[in-house]
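Notes for the one structure printed next.
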Amino acid sequence: MTSTESRPGRLDGGAPVLRPTAHTEGDWTVVDEGWGRKAADFAALSEPGNCREYVAVHHRLGLETGVRLVDVACGSGLAIELACVQGAVCAGIDASPRLVEIARQRSPDADIRVGDMHALPWSDASFDVATSFRGIWGTTTTALTEIHRVLVPGGLLALTVWGHIKASPGAWALAPFRLAATAKVEHQAAMVSLGRPGAGEAVLADHGFVEIRRFDVPFAWEFPDPEMFARVLASTGPAYEAIQNVGEQAFIAAAIDQATKRVRDGLPLRAEIAVVAYLAHKPTGHEGRAT
Ligand SMILES: C[S@@+](CC[C@H](N)C(=O)[O-])C[C@H]1O[C@@H](n2cnc3c(N)ncnc32)[C@H](O)[C@@H]1O
């Protein structure tokens, strides 16, 4: 990781808010080590748990047949598959070749690339709509410059990020990520800073977006039992950071322990987590002109 260039602020009256101004992530080609190592588990067991978020955001976007959509940090591409079902002409990009392979299998007609979201491989003004579901973070906001570039004037961006995790009833489900080394846990905290009130709005405005709106997105993971919870969580990138620190066995044991406390007879384990979405436009260039 490279160092974080940031301006501290106190946008919510609470802890200082990181407002990164530069691309602060390291080598994107190593992302697959974590995100791709259990790609089939992630695609089949984890990503479907995000379906409420995808439906809510696609609904707000009002996708129409033929709309050109790019999904940035698309993972194994379930959101793309659902956008295709709604008639969108889809593209996507992710740093993990193993996740992209699944995304391509799910949506063979979509243009899905392996690559870095900070250097999108499409020409200027290629898309009407861009989405990113928890793919752009407080530490990677330079990707917004690229999204702005590939959107047509007047194009629409929908971005989701974690909201107030600690206040979420399902915070327990993310707690095992804190088994990562201290520096990684601190980095994870900087990543989620975009969800704080005012933070996303400020960063989007800094990157030239207008008409920025924020709304809460329904998000709930469900698991049949603690063992499945541990398996699903272990398929994610942040879990890999924890596993690197404490080993897979200890991570699984800690995850099972977290979940076991929440088991209620006959019900799935349910983790509702705050997720925030931002909708924003690229200016048309005609703003403020008399008609
Ligand atoms: C939290 S996951 C979100 C995946 C997917 N959007 C979803 O809804 O499940 C973050 C994704 O970002 C991808 N990623 C991380 N760094 C990236 C980069 N520099 N360029 C493109 N994708 C990246 C990871 O491979 C992973 O798929």
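All of the numbers you see were taken from the coordinates with simple rules; none came from a lab. The shown structure was predicted, so the numbers you read here are calculated from the model rather than taken from an experiment. Don't worry about glycine lacking a Cβ; one is built from the backbone with ideal geometry, like all the others, and counts go over all protein chains shown.
Data table
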quantity	calculated
Rounded if a/c under 1.5, otherwise prolate or oblate - the chain, Cα gyration tensor axes	prolate
From phi via Karplus (6.51, -1.76, 1.60), per-residue ³J(HN,Hα) for the stretch 122-137 in Hz, x at Gly/Pro	10, 6, 4, 6, 8, 10, 7, 9, 10, 10, 8, 9, 6, x, 10, 10
Mean separation of Cα contacts under 8 Å (6+ apart) over length of the chain, as relative contact order %	22 percent
Most fluctuating residue given options PHE215, PHE229, PHE127, as computed from a GNM of the chain linking Cα atoms under 10 Å	PHE215
Note, ³J(HN,Hα) from phi for the stretch 55-64, Karplus 6.51, -1.76, 1.60, rounded to Hz, x at Gly and Pro	4, 5, 6, 4, 4, 5, 6, x, 4, 10
5 angstrom amide H check on ALA91, placed H, neighbours 5+ away	LEU69, VAL70, ASP71, ASP111
Per-q log10 I(q)/I(0), the stretch 132-264, q = 0.10, 0.15 Å⁻¹ (Debye; single scatterer per alpha-carbon; no solvent)	-0.40, -0.80
Restricting the stretch 236-291 to GluC sites (Glu not before Pro) in coil, as DSSP defines it, with at most 13 other Cβ within 10 Å	GLU287
Fluctuation leader among VAL276, VAL263, VAL72 - the chain, Gaussian network, Cα springs under 10 angstrom	VAL263
Dipole moment magnitude, nearest 20 debye, the stretch 215-291 about Cα centre, only Lys, Arg, Asp, Glu C-beta charged	280 debye
Cα long-axis angle, helix 97-106 against the chain (0 to 90 degrees, to the nearest 10)	70 degrees
Alpha-carbon Debye profile of the stretch 94-208, log10 I(q)/I(0) at 0.11, 0.21, 0.22 Å⁻¹	-0.45, -1.26, -1.30
Three-way shape label, the stretch 87-157, alpha-carbon gyration tensor, a/c 1.5	oblate
Acute angle (nearest 10 degrees) that the helix 248-260 long axis makes with the longest principal axis of the chain, alpha-carbon atoms	90 degrees
The chain: most fluctuating residue of THR141, THR131, THR182 per GNM, C-alpha cutoff 10 Å	THR182
